[in-house]
Every structure is written in C-alpha cells, then in structure tokens.
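Any read-out appearing in this document is the output of simple, stated calculations on the displayed coordinates, not a laboratory observation. Just so it is clear, the structure is predicted and the values come from calculations on it, not from any experiment. Virtual Cβ from ideal backbone geometry, glycine too; neighbours counted across all protein chains shown.
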Amino acid sequence: MSADYTVQGSVAVVTLNNPPVNGLGLATRSASVDAIRRAEADPGIEAIVLTGAGKAFSGGADIREFNSPKALTEPTLHTLIRVVEDCSKPVVAAVHSVCMGGGLELALGCHYRVALPGAQIALPEVKLGLLPGAGGTQRLPRVVGLEMALDMVVTGTPVLSEKLAGTALFDEVFAAGTDLLAASIAFAGKVAAQRPLPKVRARAVGHPDRDAFLATARAAVKARSGAFPAPLECVETVAASATLPFEEGLAFERARFLHLMQTPESKALRHAFMAERAASKLPDVPADTPVRRIERAAVVGAGTMGGGIAMNFANAGIPVTVLETSQEALDKGLATIRKNYENSVRKGKLVQDKAEQRIGLITGTLSYEDIAGADIVIEAVFEDMGVKESVFRQLDAVMKQGAILASNTSTLDLDRIAAFTGRPQDVIGLHFFSPANVMRLLEIVRGKETGKDVLATAMALSKKIKKLGVVSGVCDGFIGNRMLEQYLRQAFFLLEEGALPEQVDAAMEGFGFAMGPFRMSDLAGNDVGWYIRKRRAVESPHIAYSKTADLLCEQGRFGQKTGAGWYDYQPGERKAQPSAWVRDMVERHSAELGLVRRPIANSEIVERLVYALVNEGAKILEEGIALRASDIDMVYLSGYGFPLHRGGPMFYAETVGLPKVLEAIRGYAAGRHGEAWLPAPLLERLAQEGKGFAG
Ligand code: NAI
C-alpha cells in the first residue's frame with residue numbers, strides 16, 4: 001500500500017505513504033483514490049483527513065515515473081484530484097514539511113487545508129521547464145491572488161506556510177508544536193456537517209488592474225527567461241485563470257503543459273535533474289559504505305586554489321589549517337581569504353558576524369606538525385610532479401593514520417602521486433574549479449587504489465560543502481579538462497584558418513555558453529595552458545596544436561591579470577576589447593603557415609567546438625573514465641558554462657542525432673588536422689546501432 005487508511009471516530013485518515021517524499025506515483029494515486037471512495041461509501045465516516053507520512057505531505061510527481069507511461073496511466077493525478085474535489089464528504093488536507101508540485105495541486109483539490117508552520121509550499125515545475133499541469137495554475141490564483149500565484153508559478157520558489165496564513169490557501173495554520181493529526185481531525189469534525197462543500201474552483205480571481213498587471217509581468221518575465229520558454233508559458237496559463245472559465249483554463253493549462261513536455265529545453269532540464277541525482281551513485285560503492293569523520297581539514301598551498309578550498313571548509317563550519325612555504329605567501333593567502341569574505345559582507349551576501357566566525361575557523365602555519373591531526377588534507381601547490389612528490393612524501397610521514405590525502409591537481413597522474421605514499425588507499429583527487437569557493441563542480445578523482453570508504457567520504461563531503469561531486473578515473477585532464485583540450489585545439493585551429501577570437505566567442509555565446517573560449521582563457525590565465533602544452537610537447541610530441549596561443553604567451557599576454565590576452569583590457573576593467581595586436585599576430589601566423597584565410601560560418605565554429613567535446617567525451621566514456629554520459633554532462637553544465645537548455649554535450653549530441661554528429665566528425669577527419677578527429681569507436685558503434693549514450 002502506498003496510501004494508508006485508518007479511522008478515528010467518524011473521520012477517515014488517508015495517509016500518503018511513498019518514501020522519501022510521498023511522490024504521487026501510480027500506486028500511491030490508485031491507493032488514494034480507493035481510500036477516498038472507501039471513506040465515501042462508509043456510512044460511519046463523516047469527513048476525511050488527507051495527509052502524508054514521514055517527512056513530507058507530498059513532494060509532487062514521483063521522479064521515478066519521469067518519462068514513464070505510468071505517469072499517464074489511470075488514475076492520473078487529474079483523476080485523483082477530481083475524485084477528492086467531487087467527494088460528497090469534506091476532505092481536509094493536513095499539510096506539513098513539504099507540499100510541492102502535484103502535492104500542492106492535490107491539496108488545492110481538497111475542500112479545506114490546514115497546515116503546520118514551516119511547511120514549504122511551492123509549484124516548482126518551471127525549474128524543469130514545465131508548468132503545473134494538474135490545475136495548479138488555475139486553482140492557486142483563486143486562493144492567493146493573481147500576483148502571488150504568478151510569482152510562485154514563474155519562479156518555483158517555496159513560500160513558508162505561515163507566510164500564506166492570511167490567504168484562502170489555508171483555513172488554519174496551527175501554532176508550532178501542534179499535533180497536526182489530532183488538530184486536523186478536530187478541524188474535520190467541526191466542518192463535517194457544513195454544506196455546500198467549498199471548492200477552490202468555484203472562487204473568482206480578482207485583480208483591480210488585471211490587464212496592466214499582466215502586461216508588466218509578461219515584459220518582466222520575458223526579459224529574464226533567456227532561452228527558456230516555460231516562464232512565459234507560466235504567465236499565460238496563470239493569466240488564463242483570470243480570463244477564462246475554470247474548465248477552459250484547465251484545458252488551456254493541459255495543452256501548454258503537453259507542449260512544454262516536448263520542448264528540447266524541458267527535456268534538457270529534466271535530463272540535468274536526473275543526471276545530478278545519478279552522479280552521486282557509484283555502482284561498486286553501496287550507499288551504506290561507512291564514511292570517515294571529517295572534523296578538521298588542512299590545505300597545502302594558499303594560492304589561487306588553496307584559499308578558495310579553505311573557504312569551503314570554513315563555510316561548512318569545519319576548522320581548516322592552511323600550510324605554506326613562507327610567511328609572506330601565507331600572509332598573502334590569508335589576506336586574500338579575508339578580502340573575499342569582506343567583499344561578501346559588502347555585497348550583502350554575508351553578515352559581518354558570520355564572516356568573522358568563518359575567518360576564525362581558518363588558521364595558517366608553516367609547519368607540517370600543525371596539520372598532522374587533520375582528517376583530510378588537500379594539496380593545492382604548483383602543478384609540478386616534483387613539488388607534488390615532496391609534499392606527498394611529507395604528508396605520508398606526518399599525517400595521522402586514516403587521514404585522507406587529497407590532491408587538487410588538474411592534469412597530473414594521481415596514481416603516481418599516490419605511489420609517493422605508503423597509503424595509496426587514502427589518496428584521492430579532489431579537483432576544484434576556480435574560483436573554488438564559488439564554482440559548484442568538484443571532480444572526484446578515483447585512483448586505482450583509492451579506498452571505497454575514501455570515495456564514499458569524498459562524495460558525502462562534496463554535499464556537505466555544497467558541491468556537485470562527479471567521479472572521474474585517472475587520465476590527463478580527467479573528464480573536464482581532457483575534453484576542454486580538444487575544444488580549445490579547435491578554437492585555436494579556427495584562428496589559423498580565418499576566424500578571430502571575438503568571432504569564435506560570439507558564436508559560442510550565441511549557442512548559449514556563458515563565455516566563449518577566448519574570454520574564458522583570458523579569465524583563467526593563458527599561462528596555465530601554456531605550461532601544460534610545454535609539458536605535453538615533451539610527453540606527447542606527436543599531438544599537433546596551433547602555435548597562436550604560444551605566440552600570445554611569449555608576449556606576456558596572460559589575460560585579465562596582465563591587462564592583455566586574447567583581448568585588451570583597460571586598467572582595472574574586465575571588459576574584453578578586441579585587440580589589433582592579436583588580429584595582426586593571428587593573420588601573420590596564417591600567412592607563415594601558407595594558409596589563405598577564409599570566412600568561417602558561426603555554425604562551423606559551434607559544430608567543431610561542441611563535437612570536439614562530444615567525440616572526446618565518447619572516448620572518456622568508453623575508457624570508463626566517466627561512469628555515465630550524464631556525468632560528463634554534469635561536469636560541463638556545472639563547471640564549464642555549457643548551456644543548461646542544451647543539457648550538456650552528450651545529451652545535446654543525442655538531440656542532434658549521433659549518426660549526424662558522426663557524419664560531421666568524419667567530414668572534419670578528412671580535412672586539415674584530421675588526426676584530431678579520429679571518431680570515438682563508441683560513437684561509431686552507437687550511431688550504427690541507432691542507440692544513445694545512456695543506453
Ligand atoms: P598558485 O600558484 O596560485 O598557488 C600555489 C601555492 O602553493 C603558492 O601560494 C605557493 O607558495 C604554494 N606552494 C608551492 N609549493 C609549496 C609547498 N611545497 N608547500 C606548500 N605550499 C607550496 O596555483 P593554483 O592556481 O592555486 O594551483 C594549485 C593547484 O591547483 C595546481 O595543481 C593546479 O593545477 C590546480 N588547479 C588550478 C586551477 C586554477 O584555475 N588555477 C583549477 C583547478 C586546479
């Protein structure tokens with residue numbers, strides 16, 4: 001049973017029971033319909049209380065039924081709501097904790113609603129590129145008014161039940177600590193005899209200045225919804241509640257819901273939603289794997305990354321000690337941390353007390369003895385194997401048994417790093433992204449000897465410090481940077497063939513990237529890639545890459561930090577200005593290569609850069625570096641500014657069609673630097689079999 005039925009006197013209590021949040025899956029809907037009908041048929045029952053077991057009234061649709069025919073199998077949510085609303089005996093929704101999406105729509109179908117304070121009330125469908133499709137857009141305005149309903153439906157943001165206490169959404173919001181069930185049963189007893197039964201659908205939606213309000217709302221929502229169609233559709237359906245009779249509004253809502261279900265934007269958002277949940281699951285590390293306690297942390301290196309990493313721990317309330325080689329470097333690192341917190345206070349993102357509390361959790365040292373007792377240490381020193389070796393040998397010598405030894409390396413071989421210690425099972429990669437206190441992605445690099453409990457601890461830690469952890473195997477660049485390498489190679493080749501940085505950036509930003517490759521490189525520092533290319537030139541001299549980026553770096557044009565890079569920057573400003581020097585350098589370089597520069601279409605730029613990601617992603621998947629294609633998508637969505645409405649590179653490739661992607665890749669393979677386009681065997685196989693990456 002996924003809805004329980006009990007009787008207390010003359011009141012039947014129907015309790016949704018489908019952990020974890022009483023999602024309204026088929027079994028729950030069926031059992032609820034049966035329970036309501038049973039109560040209706042029982043002459044001893046005068047009223048019904050509908051509530052949810054455990055930690056929610058109901059979180060809405062059951063995500064396990066996403067994309068499954070079960071969601072449309074009778075009784076649908078519509079039918080359940082209709083059965084409740086048409087019931088001849090009063091149904092009282094007893095709301096607590098979480099009442100969202102379909103859960104709120106169900107409550108709105110009840111004749112009465114009572115709640116505990118602190119319950120989160122929301123219609124969050126817009127976050128999945130949808131709108132509430134079971135009457136929410138028509139019933140909510142009838143109880144909270146047009147303005148509040150529009151805001152809730154368009155943003156999906158939860159509102160606390162006590163804030164809604166004055167509206168017709170709730171007949172009563174009880175005092176904190178009230179026994180909800182007892183109070184709801186008492187309420188049901190009081191209203192049991194009242195007829196006619198109040199129905200939300202029978203109420204009118206009034207607004208003193210309806211048309212002007214809707215016009216303003218349309219304009220405001222349009223301006224901020226970017227590539228996503230759902231927010232505007234939400235406005236139109238909520239507007240219909242005020243302009244159409246209820247049944248027509250309901251039909252309109254249904255039609256717009258079904259339309260949004262089919263949009264690529266909603267499919268991409270639903271993919272990302274599921275992908276995020278999937279990323280935390282490792283097939284060979286069961287959910288009940290014991291985790292190590294993390295109560296003290298240490299960070300080695302207080303540079304760009306070390307400081308940000310330390311802030312993550314302090315923000316989560318975990319004391320952290322930062323180790324440096326000189327007092328000067330330590331002071332500089334700690335001063336930057338302080339400045340970052342002060343900026344947050346100035347911008348109103350953090351209160352002064354909290355900032356001081358967090359700063360107080362961060363201490364500095366020059367001595368390894370002071371970090372020996374930490375439960376985890378994260379190394380963030382220079383990207384040089386020699387320096388990493390010396391740090392890990394010292395860590396191995398001093399750290400307490402059971403401590404996790406992590407490296408923030410972006411490209412180096414984690415297994416070699418682990419081998420510098422006598423405890424490779426305790427070594428793991430924790431690859432943060434810059435700025436480390438802001439960026440959500442955390443690549444968790446699993447070495448060949450990394451212990452399962454260490455992995456499980458890293459996954460749990462990523463949640464604690466509010467990161468999205470994605471596991472990667474060991475390879476040069478892991479998932480994200482290994483793919484980025486191919487993406488950048490194409491960007492640089494395009495310069496040689498006829499494009500300029502500003503054209504490439506505009507094309508990629510037009511596709512939806514937060515930032516094109518050249519603006520991104522200027523922000524991150526062009527010297528980082530230069531250093532890596534120099535190492536690769538020794539390790540893998542056969543890999544061809546454009547010299548343009550080297551010519552840039554030889555002039556010290558490292559990007560924003562040096563006031564010049566692929567673009568020029570006015571002192572103290574971040575606005576990228578196209579550079580005459582770069583144009584000249586690029587054109588001269590093409591001439592030196594004997595290339596006749598040609599006009600390059602934006603579509604070619606997008607295709608080459610995105611398909612370079614896809615092809616490398618397919619190799620990464622086939623090699624088992626990534627566990628699933630959706631993990632690759634999450635890396636790109638949360639760490640590299642890939643457009644969310646396109647769902648990540650692998651998902652996007654599927655929407656284009658893998659055979660079509662492969663055909664384009666084969667075309668490029670026959671052209672200049674075709675060796676960069678060797679199709680991934682997995683891509684070839686899937687395209688031939690007509691399958692997608694997920695299958
Ligand atoms: P950075 O040059 O800003 O900072 C490195 C710090 O380590 C310096 O403050 C230096 O004094 C200190 N250091 C050097 N040797 C040390 C030692 N033996 N003991 C203690 N401290 C020592 O470098 P950044 O950018 O913070 O990079 C650090 C690591 O993070 C590298 O492995 C890098 O590949 C990786 N990384 C960098 C990212 C970035 O965007 N900058 C992104 C992700 C990872």
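Could you work out the relative contact order of the chain, using alpha carbon pairs under 8 angstrom and six or more residues apart, expressed as a whole percent?
Numbers: 1309 pairs, mean separation 60.2, N = 695.
Reported relative contact order: 9 percent.
So what is the calculated 222 nm ellipticity per residue for the chain, using -39500 (n - 2.57) for each DSSP H run with n of 4 or more, over all residues, to the nearest 500 deg cm²/dmol?
Values: 27 runs with 333 residues, N = 695.
It comes out at -15000 deg cm²/dmol, rounded to the nearest 500.
So if a site counts as exposed when it's one of the GluC sites (Glu not before Pro), its DSSP state isn't H, G, I, E or B, and it has at most 13 other Cβ atoms within 10 Å, what's the longest stretch of the chain without one? For GluC sites (Glu not before Pro) (loop position, at most 13 other Cβ atoms within 10 Å), the longest site-free span of the chain is 1-294. Computed from backbone phi with θ = phi - 60° and the Karplus coefficients 6.51, -1.76 and 1.60, the 3J(HN,Hα) list for region 321-332 is 10, 9, 10, 10, 8, 9, 4, 4, 5, 5, 4, 5 Hz; x is used for glycine and proline. DSSP finds beta bridges in the chain, and of those with both partners inside it, around 30 percent are antiparallel.
Amide H to amide H distances under 5 Å link V322 with V299, T363, G364, T365, where only residues 5 or more positions off or on other chains count and H is placed in the peptide plane. Count Lys and Arg as plus one, Asp and Glu as minus one, and take only other residues whose Cβ is under 11 Å from that of E616; the net charge is then 0.
Beta bridges assigned by DSSP with both partners in region 301-443 are antiparallel in approximately 15 percent of cases. Positive end of the dipole of the chain (Cβ unit charges, origin at the Cα centre): among G145, S579, V377, the Cα lying farthest that way belongs to G145.
How about region 1-74: which trypsin sites (Lys or Arg not before Pro) there lie in a loop by DSSP and see at most 13 other Cβ atoms within 10 Å? Spell out each step's value before the answer.
Values: sites: R29, R37, R38, K55, R64, K70; in loops: K55.
Those satisfying the criteria are K55.
Computed from the C-beta positions of D288 and S326 and an R0 of 51 Å, the FRET efficiency is 0.70 to the nearest 0.05. With both labels modelled 7 Å from their Cα along Cα-to-Cβ, the T73 to E342 distance reads 6.3 nm. Helix 452-464 axis versus longest C-alpha principal axis of the chain: approximately 70°, rounded to the nearest ten. Where a ≥ b ≥ c are the square roots of the eigenvalues of the C-alpha gyration tensor, would you call the chain rounded, which needs a/c under 1.5, or, failing that, prolate if a/b is larger than b/c, or oblate? Here the chain falls in the prolate category. One decimal place: the segment V191-E40 gains 52.8 nm when fully extended, by the rule 0.36 nm per residue minus the C-alpha distance.
For Q352 and A419 in one chain, what is 0.36 nm times their gap in residues minus the Cα-Cα distance, to one decimal in nm? Don't skip to the answer; put the middle values down first.
Values: separation 67, 0.36 × 67 = 24.12 nm, distance 4.40 nm.
Full extension of this stretch gives 19.7 nm more.
For region 455-541, applying the loop criterion from DSSP together with a ceiling of 11 other beta carbons within 10 Å to the trypsin sites (Lys or Arg not before Pro) yields K466. Here the Karplus relation 6.51 cos²θ - 1.76 cosθ + 1.60, evaluated at θ = phi - 60°, turns the backbone of region 370-384 into coupling constants of 6, 10, 4, x, 5, 7, 8, 10, 10, 8, 9, 9, 3, 7, 9 Hz, with x for every Gly and Pro. For V95, nonlocal amide neighbours, meaning residues 5 or more places apart or on other chains whose placed amide H falls under 5 Å from its own, are V114, A115, L116. 3J(HN,Hα) couplings calculated from phi for region 476-482 with the Karplus curve 6.51 cos²θ - 1.76 cosθ + 1.60 (θ = phi - 60°) are, in sequence order, 5, x, 6, 6, x, 6, 5 Hz; Gly and Pro show x.
Summing charges over neighbours of E105, with a neighbour being any other residue whose Cβ is under 13 Å away from its Cβ, gives +4 when K and R count +1 and D and E count -1. Full extension of the chain between M439 and N602 yields a length gain of 55.8 nm, computed as 0.36 nm times the residue separation minus the alpha carbon distance.
Which of the trypsin sites (Lys or Arg not before Pro) across region 386-432 are loop residues per DSSP, with 13 or fewer other Cβ within 10 Å?
Here the trypsin sites (Lys or Arg not before Pro) that fit, given the DSSP loop and packing criteria, are K400.
All other residues whose Cβ lies under 14 angstrom from that of R646 are scored, Lys and Arg at +1 and Asp and Glu at -1, for a net of -3. Close amide H partners of A626, meaning residues 5 or more places away or on another chain with modelled amide H under 5 Å apart, are G473, L621.
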